[in-house]
Amino acid sequence: MIRRLILVSAMLLFANGAIAAGNFVQYKVGGESFEGYFISPADNAPLIVMVHDWDGLTEYEVKRADMLAELGYAVFAVDLFGEGIRPVETEEKKKLTGMLYEDRERMRGLLQGGLDKAAELGGNRDNAVAIGYCFGGAAILELARTGAALKGFVSFHGGLETPENQSYSQTKGKILVLHGSADTSVTLDQFAALAKELEEQDVDHEMITYGGAPHAFTVFDTERYREDADRKSWQRFTRFLADTL
């Protein structure tokens, strides 16, 4: 029911015909079923691949995708949990994300499957950026470390630690990290460690902190939301897209 309500909202939002309505898309990776969300304002539009937070692909990612479509980008919001799996309880969220953190090869395979589906839907893989929120931000950095041939990787208040035996030595695109200074889940020490690592690996990067912003500071209608940090980070992000794609 929630998925249908979101889809109806998206269709009404673009009812004037300026931008095609987004659609939920079923797809498979390794025989497993997943459900993403795709929207594109035009054929061959620059592509943004989006990874969700730890509650799965929800109305939040749909809204962000629609906002980006209004700016002229095709967006595929991928699903890393599975069709119909949208956890509500904290313990279930921890379990689902923990399973992927413990099995990085599976995470990478699901990310690649999302990229492949985006290309199949008409997204321009040769002119693409990947972005993620919270858990999705950590997943995006995992994708960057695979050497994926994308132009950029953007993390909004995402996990920043690099697993043992991994590095950014194969990273091809630019990295943009947007982080809250008051984030107690992902510390400023981790932020500084990543900056040092990217510099040592000679990765083109920019990392910005927002004072007073906690973890998940861009998530609308929550106690963690910080309008000023959200506005500033979105402005920097959209400039990054304009410069990169």
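The values are calculated or read from the model by the stated rules, or taken from the named source; none is laboratory data. Please read these numbers as outputs of a predicted model, since none were measured by experiment. No Cβ is skipped: glycine too gets one built from the backbone with ideal geometry, and neighbour counts run over all protein chains shown. The protein model used for the area step is the full one, side chains on, heavy atoms only, and it has no ligands, DNA or RNA in it. Shrake-Rupley method; radii C 1.70, N 1.55, O 1.52, S 1.80 Å.
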Debye equation applied to the C-alpha atoms of the chain, log10 I(q)/I(0) at 0.12 Å⁻¹: -0.63
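For the chain, give the percent of accessible area contributed by carbon and sulfur heavy atoms, probe 1.4 Å, rounded to a whole number.
On the way: 5330 of 11350 Å².
Heavy-atom surface of the chain belonging to carbon and sulfur, 1.4 Å probe: 47 percent.
Using a cut-off of 12 Å between beta-carbons, work out the net charge of the residues near residue 191 (Lys and Arg +1, Asp and Glu -1, residue 191 not included). Intermediate values should be presented prior to the final figure.
Details: positive: 196; negative: 161, 183, 189, 197.
Charge balance in the 12 Å sphere: -3.
Tell me the mean residue ellipticity at 222 nm calculated for the chain from its helices only (DSSP H runs of n ≥ 4, each -39500 (n - 2.57), averaged over every residue, nearest 500). Could you put the intermediate results ahead of the total?
Working: 7 runs with 96 residues, N = 245.
Roughly -12500 deg cm²/dmol at 222 nm, from the helical runs in the chain.
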For residue 132, net neighbour charge (Lys/Arg +1, Asp/Glu -1) across residues whose Cβ lies under 10 Å away: -3
Spin-label pair residue 70/residue 188, simplified geometry with 7 Å Cα→Cβ offset, distance in nm: 3.4 nm
Under 24 Å from residue 95, Cα to Cα: lysines that are on another chain or at least 8 residues apart: 28
Vicinal HN-Hα couplings computed from phi for the stretch 61-70 (Karplus, 6.51 cos²θ - 1.76 cosθ + 1.60; Hz; Gly/Pro x): 5, 4, 4, 5, 4, 5, 4, 6, 4, 4
Mean accessible surface per residue for the chain, computed with a 1.4 Å probe while every protein chain stays in place, in Å²: 46 Å²
Residues with amide H under 5 Å from that of residue 181, placed H, sequence gap 5 or more: 210, 211, 212, 213
Candidates 164, 91, 206, ranked by Gaussian network fluctuation over the chain, Cα under 10 Å, top entry: 164
Residues whose placed amide H lies under 5 Å from that of residue 167, excluding near-sequence neighbours: none
Highest-MSF residue in the chain out of 128, 193, 213 [GNM, Cα springs under 10 Å]: 193
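Using the structure shown, select from 63/232; 151/196; 117/232; 172/196 the pairs with a Cα to Cα distance greater than 25 angstrom.
Working: 63/232 18 Å; 151/196 21 Å; 117/232 31 Å; 172/196 18 Å.
Where the Cα-Cα span goes over 25 Å, the pairs concerned are 117/232.
Residue separation times 0.36 nm, minus the C-alpha to C-alpha distance between residue 59 and residue 92: what's the value? Walk me through the intermediate numbers first.
On the way: separation 33, 0.36 × 33 = 11.88 nm, distance 1.87 nm.
Working it through step by step, the gained length comes to 10.0 nm.
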Candidate aspartates and glutamates - alpha carbon under 20 Å from residue 174, same-chain residues fewer than 8 apart omitted: 126, 142, 161, 197, 199, 200, 202, 204, 206, 243
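State to the nearest 20 debye the size of the charge dipole of the chain about its Cα centre, where the only charges are +1 on K and R beta carbons and -1 on D and E beta carbons. Don't skip to the end; give the middle numbers.
Values: 25 positive and 37 negative charges, 90 e Å.
Value, rounded to 20: 440 debye.
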